[in-house]
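The values are calculated or read from the model by the stated rules, or taken from the named source; none is laboratory data. Values in this document were obtained by computation on a predicted structure and should not be read as measured data. Cβ: placed from backbone, ideal geometry, glycine included. Neighbour counts: every protein chain shown. Calculation scope for accessible area: heavy atoms of the full protein, side chains included, ligands and nucleic acids excluded. Shrake-Rupley method; radii C 1.70, N 1.55, O 1.52, S 1.80 Å.
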Amino acid sequence: MTFDVAIAGGGPAASAAALLLAQSGARTIVLERGDDQGDKPGESLAPAVRPLLERLGIWNDLATDGHLPCHGNRSVWGSDRVDELPFISSPYGHGWHLDRRRFEQRLQQRACDAGVMRIVNTSVTGLERDGGFWRLVCRGGVAEVRARFVIDATGRASRLARLLGARRVIDDPLVAAVSFLEAEEGDPDSFTLVEATEHGWWYTAPLPSNRLASMFITDPPAVSTFPPPPHTLTRISTHRYRPTAPPRIVDAGSARLDHLTGDAWLAIGDAALSLDPLSSHGIATALHTATLATEAILTNDSRRYTAALEATWSAYTTMRRDFYAAEKRWPASPFWSRRVERESLLLTTHDDA
């Protein structure tokens, strides 16, 4: 069980990196903690991700695999007006509403077809240097793996990076109550909808098989039961969507590692940079970091990788600040006042520096 690269994690970042590495001749193994079952949040693909998916060879699979086209975004943000941003002017065409599991299975298939070994129900519990290799101690489908290089793709847990001494820096804590709903007939409206409320904001998007993804984002530690705002409620009630299970509470905040790379290791995707769902760049960032990580490993130079992720984080935090600053309808709301106070503090700190 000796490899050039071992990847811990099983999401899009892990599969994309494994596929590109295998195509370049690197012996690669993916160690997946989960079992590929159940719903996963994170189902929107913006049009600009097309070049990445074409490089991975799965762009044409999106239509044949039954994913739904997304023709734009609507938002109720900063006023009661519904603003619309259609994708008709995008040079990449429309976006997609994904069956997330189906999408990941396609990526996994491509990686395995390229020669990647993939083992599920397996956690990395420890790792140490052993000459020119890492020795990964595992629990589950395999006991031990040796690899010259390791990639942390364990999502927001950043398990490998933390084992190696890296620290996750929480930039803006948020939680999301995620629900998947179903109806007898699908929603002909192919747009995503984002709607701000006094206590946070809501997101809905249609999915394949007459389903709807719904997410309420607010401050931790707990999510109280707040009714959907008017436009979100209309979408749910008009099509008689019903929840398939109680809402699941997940981390949706902004965070990053204090260092993204080290001696023969690096982190990708959410393990490196965790973005607010408002950015709609979760999957795109995962695939982008996987691509850059592959180049860093193959050239034995992580400096460009680190610089690119630092630039990504800087652009993201600026975008997030501008988006939250645009909503001024509830100045006394703890949720919105915290955003304003926090961003003001960051700007003051930056100016002083």
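General remarks:
- Taken along the Cα-to-beta-carbon direction at a fixed 7 Å, the label points for Tyr92 and Asp80 span 3.6 nm.
- Assuming charge only on the beta carbon of Lys and Arg (+1) and of Asp and Glu (-1), the dipole of segment 145-302 about its Cα centre is about 560 debye to the nearest 20.
- Accessible surface of segment 37-104 [probe 1.4 Å, protein heavy atoms]: carbon and sulfur percent: 52
- Compared with the direct C-alpha span, the chain from Arg148 to Met319 gains 57.8 nm at full extension, assuming 0.36 nm per residue.
- Computed label-point distance, nm, for sites Thr244 and Arg303 using a 7 Å Cα→Cβ extension: 4.9
- For segment 67-186: relative contact order, % (alpha-carbon pairs under 8 angstrom, 6 or more apart): 12
- Phi to ³J(HN,Hα) by Karplus 6.51 cos²θ - 1.76 cosθ + 1.60 over segment 287-300, Hz, x for Gly, Pro: 5, 5, 5, 5, 5, 5, 5, 4, 4, 4, 5, 5, 9, 6
- Rounded to the nearest 10 degrees, the inclination of helix 303-325 to the longest alpha-carbon principal axis of the chain is 10 degrees.
- FRET E, pair Asp251, Gln109, Förster distance 35 Å, beta-carbon r, rounded to 0.05: 0.80
- 3J(HN,Hα) from dihedral phi, segment 330-335, Karplus parametrisation 6.51/-1.76/1.60, rounded to Hz, x for glycine, proline: 10, x, 8, 5, x, 4
- Of the solvent-accessible surface of segment 166-215, computed with a 1.4 Å probe and all protein chains present, 48% belongs to carbon and sulfur.
- Dimensions of the chain from C-alpha coordinates, computed as largest minus smallest value along each principal axis and given longest first, are 62, 53, 39 Å.
- Entry note, the chain: the mean residue ellipticity at 222 nm calculated from DSSP H runs of n ≥ 4, each adding -39500 (n - 2.57), is -10000 deg cm²/dmol after division by the residues and rounding to the nearest 500.
- Most fluctuating residue given options Pro229, Pro221, Pro208, as computed from a GNM of the chain linking Cα atoms under 10 Å: Pro221
- Stokes-Einstein diffusion for segment 103-153 at 4 °C, viscosity 1.567 mPa s, with a Kirkwood radius from C-alpha pairs, works out to 106 µm²/s.
- Heavy-atom accessible surface of segment 224-353: percent carbon and sulfur, 1.4 Å: 59
- Extreme residue, positive dipole direction of the chain, given options Ser214, Thr312, Thr28 (C-beta unit charges): Thr28
- Per residue, the chain exposes 45 Å² of solvent-accessible protein surface, assessed with a 1.4 angstrom probe and all protein chains in place.
- Segment 274-337 versus segment 139-155: alpha-carbon centroid distance in Å: 26
- Nearest 10 degrees, 0 to 90: helix 100-113 Cα axis against the chain principal axis: 20
- The mean sequence distance of close C-alpha pairs (under 8 Å, at least 6 residues apart), as a share of the length of the chain, puts its relative contact order at 20 percent.
- Computed E for Glu128/Glu198 - FRET, C-beta separation, R0 35 angstrom, nearest 0.05: 0.10
- The calculated FRET efficiency for the pair Arg167 and Leu233, based on their C-beta separation and a Förster distance of 41 Å, comes to about 0.50.
- About the Cα centre, charge dipole magnitude for the chain (Lys/Arg +1, Asp/Glu -1 at Cβ), debye: 620
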